[in-house]
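Student: Dumping the structure here so I can ask a few things about it.
The values are calculated or read from the model by the stated rules, or taken from the named source; none is laboratory data. Nothing here was measured: the structure is a model prediction, and the numbers come from that model. All Cβ positions, even for glycine, are placed from backbone atoms using ideal geometry, and neighbour counts span all protein chains on display. To get the accessible areas, we keep the full protein, side chains included, count just its heavy atoms, and leave off ligands, DNA and RNA. Shrake-Rupley method; radii C 1.70, N 1.55, O 1.52, S 1.80 Å.
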Amino acid sequence: MNGIIDFHTHAFPDALAERAVQVLLEEGRKMYDVKAYLDGKVGSLLSSMDRSGIEKSVICSIATKPSQFDPIFAWSKQIHSARIEPFPSIHPDDPKAAERVSLVKDKGLKGIKFHPYYQNFALDDERLFPIYRQLEREQLIVVVHTGFDLAFERVRRADPLMIIRVLDRFPDLKLVTTHLGSWEDWEEVEKHIMGRNIYMEISFSLDCMDRETARKIILNHPQDHVLFGSDSPWADQEQAITLLESLDLGKDRERRILRENALKLLAAV
Ligand SMILES: [Zn+2]
């Protein structure tokens, strides 16, 4: 199968999925009209992938406290398959954070996820440096929520200037920014990170901005540094693909975004 790779999805253990989706929806809805398109179970994600021609999905977990590493890691190992690439989550306050990076690598997983709002840190905070150093050493991928978050107040936690500060200090860090560089901070994206060798995943962005801005950012970015992501279940995978295609970026660039760039990035771990 030569399918699409979705670099940004969420799912939960079956027993917790319904409740997790409901709680997160309630949080998000305080500020934004967010919907859930799936029930949060891995089986439902797989059915959605079948419908959409998606071969592989990266599932991004978020540990909101250090003790959640163990259950998330155990579940991640359990669901890891040819079609599901789980990225567990390490909390920055975890005293064992750096060694957990190596543990994740040793078990054959390819990356982790950070979320500066749910995990209460700023991207360029020095307490993250030992973790970044270890990620760089192990060459593990780190997907980070960047830009504002629809469920939180607009305090800057992971904006383009912070992204640059981290990458200047850790140039070999395989950092994947989300939401086309930074959610609802696309002027700053254009100013500071567009055109640089920084991975950008495109989820939850194309329908939050005008088409010309989206095209401008993608077409001016290195073509091997843009990745497809849907943020399912908060968006529909099939609709996310249609939205990307509607930008008319050209078949070659589209294929790289939908599959080849992610394939290369994952294969390098
Ligand atoms: Zn997400």
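Student: Please report the equivalent ellipsoid semi-axes of region 36-88, computed as sqrt(5 x eigenvalue) of the Cα gyration tensor, largest first, in whole Å.
Tutor: 22, 12, 8
Student: Before I look further, what does the chain give for accessible area per residue, probe 1.4 Å, in whole square angstrom?
Tutor: I get 43 Å² per residue for the chain.
Student: Taking the Cα-to-Cβ direction at D207 and at H80 and moving 7 Å from each Cα, how far apart do the two end points lie in nm?
Tutor: 3.4
Student: Among 182-188, 94-100, how do they line up by average Cβ neighbours within 10 Å per residue, starting with the highest?
Tutor: Per-residue mean Cβ counts within 10 Å order the peptides as 182-188, 94-100.
Student: Would you report the distance distribution of C-alpha pairs in region 27-180 as whole percents per 5 angstrom bin, up to the bin with the largest distance?
Tutor: Result, from short to long distances: 2, 9, 17, 21, 20, 16, 11, 4, 0 percent.
Student: Pop the C-beta distance of D125 and E190 into the FRET formula with R0 = 22 Å and round what comes out to the nearest 0.05.
Tutor: For R0 = 22 Å, the calculated efficiency reads 0.30.
Student: Could you work out what % of the accessible surface of the chain is carbon and sulfur, using a 1.4 angstrom probe and leaving DNA, RNA and ligands out of the count?
Tutor: With neighbouring chains kept in place, the figure for the chain is 47 percent.
Student: Taking only Cα atoms of region 187-269, what ratio of Rg to Rh do you get with Rh as the Kirkwood inverse-distance radius?
Tutor: Rounded to two decimals, Rg/Rh equals 0.94.
Student: Considering the dipole of the chain built from charges on the beta carbon (Lys and Arg +1, Asp and Glu -1) around the Cα centre, which of L206, H80, P13 is farthest to its positive end?
Tutor: Value: H80.
Student: Out of T64, T178, T146, any idea which swings most in a Gaussian network model of the chain, alpha carbons joined below 10 Å?
Tutor: Of T64, T178, T146, the Gaussian network model singles out T64 as fluctuating most.
Student: Oh, and also: Can you give the Kirkwood hydrodynamic radius of region 1-116 from its Cα pairs, in Å with one decimal?
Tutor: Computed over Cα pairs of region 1-116, the Kirkwood hydrodynamic radius comes out at 15.0 Å.
Student: Between E138 and E260, what is the FRET efficiency for a Förster distance of 22 Å, r being their Cβ-Cβ separation, to the nearest 0.05?
Tutor: Computed FRET efficiency for E138 and E260 comes out at 0.40.
Student: Okay, moving on. Can you pull a Stokes-Einstein diffusion coefficient for the chain at 20 °C (1.002 mPa s), Rh from Kirkwood over Cα pairs, as a whole number of µm²/s?
Tutor: Reported coefficient: 117 µm²/s.
Student: So how much slack lies between E27 and L46, counting 0.36 nm per residue of separation and subtracting their Cα-Cα distance, in nm?
Tutor: Between E27 and L46, full extension yields 4.3 nm more.
Student: Among the listed pairs K41/K264; K191/K251; K65/K216; K41/K65; K35/K96, which have their C-alpha atoms separated by more than 30 angstrom in this model?
Tutor: K65/K216; K35/K96
Student: Residue-wise, which Karplus ³J(HN,Hα) couplings in Hz belong to region 196-206, taking 6.51 cos²θ - 1.76 cosθ + 1.60, θ = phi - 60°, and x for glycine or proline?
Tutor: With coefficients 6.51, -1.76 and 1.60, one gets 9, 7, 10, 5, 10, 9, 9, 4, 6, 10, 4 Hz.
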